[in-house]
Amino acid sequence: MGRTPDTDGREVFAVVLEEPLDGGDFVLRRARETDLPLIADLSDDELRARLLLPADADAAFLAPFLLHGGSLLIADSETDLPLGGMRMFLHGDAIEFGYWLTAPARGRGLATRSLAVLSAHLVDRLRPSRFELRTGVGNEPSERVALRAEYTRIGPEPPIEYPGGRVLQTTLWVREPGG
């Protein structure tokens, strides 16, 4: 699952996601440098653990992850404040999504609705063969998002070992573009 700037498709996503996408009470838009300190402040311990972020992750640490073509923020339509984010990766002609929400945004269906808005936009432009999600085993909120978004559980993936020895077991979920 190792991805580099050269292999994750960020250039493709930068082209097809130039304008914000309207989700009603939220928009999917590019992150700005001015968003980074607020996102760092809104990242609670649960989010940091799920995203494998260090406890001292600050704006400088977050910049490479949030300021490129494969990342979008989920922002409040009225206030434009960040509520969460989405990351996208290309695997041949498949698109993998990742998502996260700040504590105040959880429980509102934002991740599920963001997946729907972004998927519909990308189907028309990239014609993917399928969409993929990987959830950490035991991450029940993320698994509920996958189920609500009508993804099918394929099964556990081989464990991923991160620097520092942390091992993460994930589950692969897929959905056909028309499904």
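All of the numbers you see were taken from the coordinates with simple rules; none came from a lab. Values in this document were obtained by computation on a predicted structure and should not be read as measured data. FYI the Cβ positions are ideal-geometry reconstructions off the backbone, even for glycines, and counts take in every protein chain you see.
Could you give each residue of the range 17-32 its phi-based ³J(HN,Hα) in whole Hz, using Karplus coefficients 6.51, -1.76, 1.60 with θ = phi - 60°, and x for Gly or Pro?
For the range 17-32, the Karplus-derived couplings read 10, 6, 9, x, 9, 8, x, x, 8, 9, 10, 9, 9, 5, 6, 10 Hz, x marking Gly and Pro.
Residue 166 to residue 108: extension gain in nm, 0.36 nm per residue of separation minus the Cα-Cα distance?
The span from residue 166 to residue 108 would gain 17.8 nm if fully extended.
Put one equal scatterer on each alpha carbon of the range 132-179, apply the Debye formula with no solvent term, and list log10 I(q)/I(0) at q = 0.14, 0.18, 0.20, 0.29 1/Å to two decimals.
Cα-only, vacuum Debye calculation for the range 132-179: -0.36, -0.55, -0.64, -1.04.
Place a point 7 Å from Cα of residue 153 in the direction of its Cβ. Which residues in the range 111-138 have their backbone N less than 18 Å from it?
Residues 132-138 fall inside that zone.
How big is the gap, in Å, between the Cα center of the range 16-36 and the Cα center of the range 87-146?
Between the Cα centres of the range 16-36 and the range 87-146 lies a distance of 15 Å.
Run the numbers for residue 33 and residue 91: contour at 0.36 nm per residue of separation, minus the present Cα-Cα distance, in nm.
18.1 nm
Which percent of Cα pairs goes in each bin when the distances of the range 71-153 are cut into 5 angstrom slices starting at zero?
Binned Cα distances yield the sequence 3, 14, 26, 26, 18, 10, 3, 0.
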